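A.B. asks: Would you mind keeping the following structure in view while I ask a few things?
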Amino acid sequence: MGQQKPTLEVFWRAAKTVLSVAAGLLQPLLPGPAAARSPSCAPDALGVSRTLYLGTEGGWRAGLKSYPQTLALDDHEVILTFDDGPLNSTTGKILDALAAECVKATFFLVGRNAEASPALVKREIAEGHTVAHHSYSHPGATLRRLSEKAALAEIVKGFTAVDKAGYGAAGATPRTPFFRYPGFADSPETLAWLAQNNIAVLGADLWASDWQPMTPQAELDLVMDRLDKEKRGILLFHDTKAQTAAMLPALLRELKQRGYRIVHIAPGGEPPPLRAAPPGWTSETDKIIANVFAKEYGARPARRPALAPAPMGAR
Ligand SMILES: [Zn+2]
């Protein structure tokens, strides 16, 4: 009997390897973006250039704004991500724009918004997007300022609400084990818990600063400027922002024109290779959080920063 468990484990490991190798070999034979295009797609639609399956064993973290490593993308590859939705007035427009260009994105949902608009969650899933997690209520204090117990409750309640809204039922673990912290305000305790539960933490490499009011054209210029400097990365937007919804069709055309390719991320497979940050890297989000704290509470030292950066935690 003592032999049985290791033997089974060896078997499963071997089976997983065979499956992931087979998936890799079959990749070129599977229908590409062109085949996935609906008739409503323009013939020169941007499409998805590849899908990156991200195994989450060990609960890695990625995104240079917060962590010294990110997903290993090639030059001119971008991953589109949208936070804080769904929201009836804007998320549908975002989905329309993505569908028109046959582009897939990842949505980090707020649980209570998913409860309020389950049809949009179902639409995101039906249209092939990845539906991931961003806490239950996006607490203004951020998870970093909650007790460990309260922060974990927020995370788990968010998983449940999103999966119930999207799939009709929630299991013991989230369907998509991808989590993004509200305001990027992580904490050692919750990071350890997520890692133990094989849930990956996705930050961002670039953002459009769409929490700041600006015209869609200004937002487009800003994000393309930043992208042309970095040439690749995980892009963060908010599907709750009207200016982002208005900008998105032009952004997708601009990405196409400048030779960028869309990478879609989905759960599954082996943990991904990560690219290390350049030497001298520091966390930009921790600096923002500290600045917000200093503004709100003066310069007195705090054990932990108090508030989310207005940007990401605005809602
Ligand atoms: Zn957020």
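A.B. asks: Amide H of Val110 versus every other amide H placed in the peptide plane: which residues, excluding those fewer than 5 positions away on the same chain, fall under 5 Å?
C.D. replies: So Val110 has HN proximity to Asp84, Gly85.
A.B. asks: To continue, here is another question. Using a 1.4 Å probe on the protein heavy atoms only, what accessible surface does Leu146 show? Give it in Å² to the nearest 10.
C.D. replies: Per-residue accessible area (Leu146): approximately 50 Å².
A.B. asks: Within 10 Å, count the other beta carbons around each residue, average over each peptide in 255-267, 237-249, and list them highest first. Before the final figure, lay out each step's value.
C.D. replies: On the way: 255-267: 17.9, 237-249: 23.1.
In decreasing order of mean packing, 255-267, 237-249 become 237-249, 255-267.
A.B. asks: Once the other residues with Cβ under 14 Å from the Cβ of Met214 are scored (Lys, Arg +1; Asp, Glu -1), what is the net sum? Write down the numbers at each step before the final one.
C.D. replies: Working: positive: Arg226, Lys241; negative: Asp210, Glu219, Asp221, Asp225.
Once positives and negatives cancel, what remains is -2.
A.B. asks: Under 5 Å between amide H atoms, partner at least 5 residues away or on a different chain: which partners does Trp207 have, H built in plane at 1.01 Å?
C.D. replies: Here Leu236 satisfy the definition.
A.B. asks: Show me the ranking of peptides 70-77, 132-139 by mean Cβ neighbours inside 10 Å, starting with the highest. All intermediate terms of the calculation are to be shown ahead of the outcome.
C.D. replies: Values: 70-77: 16.8, 132-139: 24.0.
Ranked from most to least packed, the peptides come out as 132-139, 70-77.
A.B. asks: At 7 Å along Cα-to-Cβ for each site, give me the label-to-label distance between Thr282 and Ala218 in nm.
C.D. replies: 2.8 nm
A.B. asks: Which of Lys104/Lys164; Lys65/Lys229; Lys231/Lys256; Lys122/Lys164 have a Cα-Cα distance over 18 Å? Write down the numbers at each step before the final one.
C.D. replies: Working: Lys104/Lys164 22 Å; Lys65/Lys229 15 Å; Lys231/Lys256 13 Å; Lys122/Lys164 10 Å.
Exceeds cut-off: Lys104/Lys164.
A.B. asks: Ignoring ligands, DNA and RNA, please state the percent of accessible area on the range 34-162 from carbon and sulfur, probe 1.4 Å.
C.D. replies: Values: 2550 of 4690 Å².
The value for the range 34-162 is 54 percent carbon and sulfur by accessible area.
The values are calculated or read from the model by the stated rules, or taken from the named source; none is laboratory data. The model shown is predicted, which means the values in this text are computed figures rather than measured ones. Because the Cβ atoms are built from the backbone with ideal geometry, glycine has one as well, and the counts that use them run over all protein chains shown. Side chains included, ligands, DNA and RNA excluded: accessible areas come from the protein's heavy atoms. Shrake-Rupley method; radii C 1.70, N 1.55, O 1.52, S 1.80 Å.
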